[in-house]
Amino acid sequence: MGSVSLKIGDGTARFRRATLCSSALHVVMLVSVLTTNLFALYAFTYAPSSGSSPGAGLQHQILSQEHSKNLSLISEHVSLIVREIESSQKKLTQIERELLGYETLDVSKPNVPPELKLFLGRHPLPLGRDSRTGITEMVSSVGHSCARAVDLLALYMTYKPGGQCPEDASLAQKLVSRGCEPLPRRRCLSKPVAKPGLLPLPESLWKPVSEKIVGKWNGFDRQMWVKPRGKNDFLIDDVLALGGGIRVGFDIGGEAGNFAARMAEKNVTIVSSVLNVGGPVSDFVAARGLFPLFLTAGQRFPFYDSVFDLVHTVNGMDEGSVGVTRPEKMEFFMFDIDRVLRPGGLFWLDNYYCADEKKKAALTALIEKFGYKKLKWVVGEKVDASASGKKVYLSAVLQKPARG
C-alpha cells in the first residue's frame, strides 16, 4: 500500500481553557515589563540641568536624593512584579494539571493505609544496578486518576497483610471504571471459590455453566456471527475468508465470550477484555475455557506491537467506553488498535451505533486517515430491542496496510 500520512486532528481541545489562561497571563506580564522598562528608562536618563543661581547646588542635591528614591522604588516594583509572575506561573501550572485531570497521590496524608505506602515505596535492587536495564531500584505505580478516588483506594488497600482479602470485587470494579488502573497489588489471599462441573474444550464452549459458579446468570448468544439478524451482521466464515492466516485475535469488550467461543471453533485463539458489569462475566468466560482479560477500553492494551491477526469490537468504541465525546480519546484508541494489529491484519468494527450523521462522519474520517483497505463496509438500520424504533449501525472489516 506504500507509506501513509496520518494527519491527526487539532489535538488541543483539552488545553483550550489552559491556553486562554496562559494568554491572559502573558498579556499581564508584557504590560508589567513594559511599564517597568519605561520607569527605568526615565530614571536612568533623566538628568536635571545645573543652573547658575545661588540655590542651584542645593536644588541639584535635592533632585539627586529624589532620583535615588525613585531608583529604590523602581527596584522594589520590579521585585514585586517578579514575585507576582512566579506566583501566577504556579497557579497556571495547577490549573493545567486540574484540566488534565492529573493530581499527585500524596501518601503522606494520615488516611493513606500503610500497605499503600509500602507498595508505592522505592525498593533498591538487592544486587545493585542491573547491567541490562540500568535500573537500580524497583518502583511500583498506580493510575494517576486514583488520586481522584483516594478514599476508595484507601478502602481497597485496608486489609490484614497475609490474611484473607476482603470481598470487594465491586470496589475494584468501581475504581477501574473511574480510571484508577492499574490497581496496586495486595498482600492478602483471595477467597477460594469452588468451580465444580468444569468441562473440557470444546464441550465447555456452549454447555451451561454450573449455577455454583455463576448463579443463574447466563450470557450465551448462539445466533450471533452464524445467523445474521440484518445486513450489518457479518458471518465469521465470511470474515475469515477475507484475510488468510488468522490465528490469534483480540476482542475488545468481549462480554460473555461468545465471539471467542465461535472463533475457538475455527481454531482461532481470542483474548477477550471483559468487565463484571451486570453479572459474573469473567467467571462465566473462564468456565467456558476462554481467556477473560480484566481491562477497560481506556487503558493501553498490554500487548507488544503487531501481535494480533484480528482485532474485533462490538461496543468497545461506544460512548463511555473510551470517552468518544472527546475526539482525541478516539484517536488514542484507534492508534492503540493499529499498534497491536499486524500489517495485513483485520480490524472488525461490529455494529457501531451511529447516533447521528456527524458521529458517523467523524469515525469515517478518522479511519480513513490510517489508510485501511475497506473489505466490508455496511451502514444500515436495526431494530433496537431496548428502545422504540430503529437505529443506524456501521459494520466494517478493514485491513491494515503495510507501511514504510
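Phe284 falls short of the stated requirement of being touching a residue at least 60 places away in the same chain (Cβ under 8 Å), in the same structural domain as Leu394 (by TED's automatic domain parsing), surrounded by 15 or more Cβ atoms within 10 Å (Cβ to Cβ) and part of a strand (DSSP E or B). Of all the numbered requirements in (1) over 29 Å from Leu375 (Cβ atoms); (2) of a type in the set (Val, Ile, Thr); (3) part of a loop (DSSP other than H, G, I, E, B), Thr296 misses one, and that requirement is (1).
Just one of Pro200, Pro196, Pro182, Pro228 is out of contact with any helix residue (DSSP H, G or I) (no Cβ under 6 Å at 6 or more places or on another chain), in a loop (DSSP other than H, G, I, E, B) and within 20 Å of Leu290 (Cβ to Cβ); which is it? Please lay out each step first, then the result.
Details: Pro196 fails: out of contact with any helix residue (DSSP H, G or I) (no Cβ under 6 Å at 6 or more places or on another chain); Pro182 fails: within 20 Å of Leu290 (Cβ to Cβ); Pro228 fails: within 20 Å of Leu290 (Cβ to Cβ).
Selected residue: Pro200, the only one of Pro200, Pro196, Pro182, Pro228 that is out of contact with any helix residue (DSSP H, G or I) (no Cβ under 6 Å at 6 or more places or on another chain), in a loop (DSSP other than H, G, I, E, B) and within 20 Å of Leu290 (Cβ to Cβ).
Kindly indicate whether any position in region 35-42 is modelled with pLDDT of 75 or more and not charged (D, E, K, R). No, region 35-42 contains no residue that is modelled with pLDDT of 75 or more and not charged (D, E, K, R). Scanning region 236-264 for residues that are loosely packed, with under 14 Cβ neighbours inside 10 Å and within 29 Å of Lys216 (Cα to Cα) gives no hits. In region 218-228, the count of residues that are out of contact with any Cys (no Cβ under 7 Å at 6 or more places or on another chain), within 28 Å of Gly279 (Cα to Cα), in the same structural domain as Arg342 (by TED's automatic domain parsing) and β-branched (Val, Ile, Thr) is one or more.
The values are calculated or read from the model by the stated rules, or taken from the named source; none is laboratory data. In this text the structure is predicted, and so the values were computed from the model without any measurement. Virtual Cβ from ideal backbone geometry, glycine too; neighbours counted across all protein chains shown.
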